[in-house]
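Scroll down for the structure; my scribbles are underneath it.
The values are calculated or read from the model by the stated rules, or taken from the named source; none is laboratory data. Given the structure is predicted, the values throughout are model-derived calculations rather than measurements. Note that we place each Cβ from the backbone using ideal geometry, even for glycine, and neighbour counts take in every protein chain shown.
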């Protein structure tokens, strides 16, 4: 019996020693050092001529894992303060450096929507691990700045600096004067407008009103083959088709990316706009005369130049003669947010006239839902 007890005692000790030895192996495998990251610069100032040149070089120390296995390094770059929630990622195996050319970084920054020539604060880090992602070690975080540079747009913008829409929703009108179908030029490469759509209608974009020889259309071989809510476009091209659901939409045409997009909006752009109030000769009336009508500049903008205003008066905008709604107004004498009542809400504030008497240009913008008095 004693021999049996001694035997089991020896077995138990052997198991305990084996467990201790196994733990020691795991501790050794888990060892390593977090990489120390360095860069050749903290301010990347690339230009278009640097598109194929190395503009950012990263170096880091070896993680020095004890087990002889492949070491994987993941480089992450993201905007500062975002905790690398949506990073640009590059994977490197058994190496301790990598370079980024200007084009790769610039394209990534533009895809994130950052503006040309505006510095962006970024952060960079490296994560080391075995090839199976075990034993991850995270480096120090390097702050850097980079400024996206201008690249040629995918589609050449109109030389006229104008863009119009025509199609089924507009009776295929292509007259020499059609402000209601004109998009506003937001930037050198972006145009936008707000339009009411019947749904599922063909359309084209024209750089010259009244001219069918120049147009922008779809990239597909057949008409109406595009994604209705947004797709690529090109000079020339096939007929495009609008979203299937009827309603009011904002259209954005981006020549930089070569894509357009339709977005549903609640804003309804009136066909005409008039002044009412004691700031103008007709006073507070819902049937103002033609002399108090603003000029339509494009699909979203109405303007009156040379409006004679005196201090201590008020006014609003009406869009349907004989009716008090739709009605538009605001609280600032110099401009600001445009309040609206289309008939089911409260009327907006009346706009006070400026403190100094004079002739002013008053502009109402239904793309931004603002007004200015200058």
Only one of 270, 243 that is part of a loop (DSSP other than H, G, I, E, B) and under 17 Å from residue 342 (Cα atoms)
270
For the range 317-334, the count of residues that are at pLDDT 95 or above and within 25 Å of residue 182 (Cα to Cα) equals 7
Options 65, 73: the member that is crowded, with 19+ Cβ neighbours inside 10 Å, more than 28 Å from the chain's Cα centre (by Cα) and in a strand (DSSP E or B)
73
Within the bounds of the range 284-296, is there any residue that is within 30 Å of residue 163 (Cα to Cα) and in contact with a helix residue (DSSP H, G or I) (Cβ under 7 Å, 6 or more places away or on another chain)?
yes
State yes or no: is residue 100 assigned to a loop (DSSP other than H, G, I, E, B) and in contact (Cβ under 8 Å) with a residue 40 or more places away in the chain?
no
Residue by residue through the range 320-330, note down the ones that are touching a residue at least 40 places away in the same chain (Cβ under 8 Å) and farther than 12 Å from residue 285 by Cα.
326, 328, 330
Lone qualifier among 235, 209, 159 - being within 28 Å of residue 369 (Cβ to Cβ) and at pLDDT 95 or above
209
Please work out which residue is farthest from residue 92 (Cα to Cα), limiting yourself to the range 45-62 and to residues that are modelled with pLDDT of 95 or more and crowded, with 17+ Cβ neighbours inside 10 Å.
55
Qualifying position, being without any contact (Cβ under 8 Å) to a residue 12 or more places away in the chain and in a loop (DSSP other than H, G, I, E, B), among 133, 140, 173:
173
Condition set part of a loop (DSSP other than H, G, I, E, B) and without any contact (Cβ under 8 Å) to a residue 12 or more places away in the chain, scope the range 277-313, selection nearest to residue 176 (Cα to Cα): answer is 289
Out of all the residues in the range 349-374, which are closer than 15 Å to residue 273 by Cβ and within 30 Å of the chain's Cα centre (by Cα)?
362, 363, 364, 365, 366, 367, 369, 370, 371, 372, 373
So for the range 194-208 (the condition being within 23 Å of residue 362 (Cα to Cα) and touching a strand residue (DSSP E or B) at 6+ places or on another chain (Cβ under 9 Å)), does at least one residue qualify?
yes
Specify which of the listed residues (342, 360, 314) is surrounded by 19 or more Cβ atoms within 10 Å (Cβ to Cβ) and either assigned by TED's automatic domain parsing to the domain that holds residue 281 or at pLDDT 95 or above (or both).
360
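Condition check ((1) modelled with pLDDT under 95; (2) buried (at least 17 other Cβ atoms within 10 Å of the Cβ)) across all residues:
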| position | (1), (2) |
| --- | --- |
| 100 | no, yes |
| 110 | yes, yes |
| 128 | no, yes |
| 150 | yes, no |
| 163 | no, yes |
| 167 | no, yes |
| 182 | no, yes |
| 193 | no, yes |
Among (1) surrounded by fewer than 17 Cβ atoms within 10 Å (Cβ to Cβ); (2) under 20 Å from residue 265 (Cβ atoms) - the single one residue 334 does not satisfy
(2)
Given the conditions (1) at pLDDT 95 or above; (2) on the phi < 0 side of the Ramachandran plot, and given that residue 177 satisfies all but one, which numbered condition is not satisfied?
(1)
Which of the following residues is more than 21 Å from residue 42 (Cβ to Cβ), in contact with a strand residue (DSSP E or B) (Cβ under 9 Å, 6 or more places away or on another chain) and outside the structural domain of residue 188 (by TED's automatic domain parsing): 79, 97, 139, 85?
85
Scan of the range 213-253 for residues that are over 28 Å from residue 295 (Cβ atoms), under 22 Å from the mean Cα position of the chain (by Cα) and touching a residue at least 24 places away in the same chain (Cβ under 8 Å), ordered by number
228, 229, 230, 231, 232, 233, 234, 243
Subset of the range 232-251 [within 25 Å of residue 151 (Cβ to Cβ) and surrounded by fewer than 18 Cβ atoms within 10 Å (Cβ to Cβ)]:
232, 234, 235, 236
Condition test on residue 99, is it more than 18 Å from the chain's Cα centre (by Cα) and over 28 Å from residue 32 (Cβ atoms)?
no
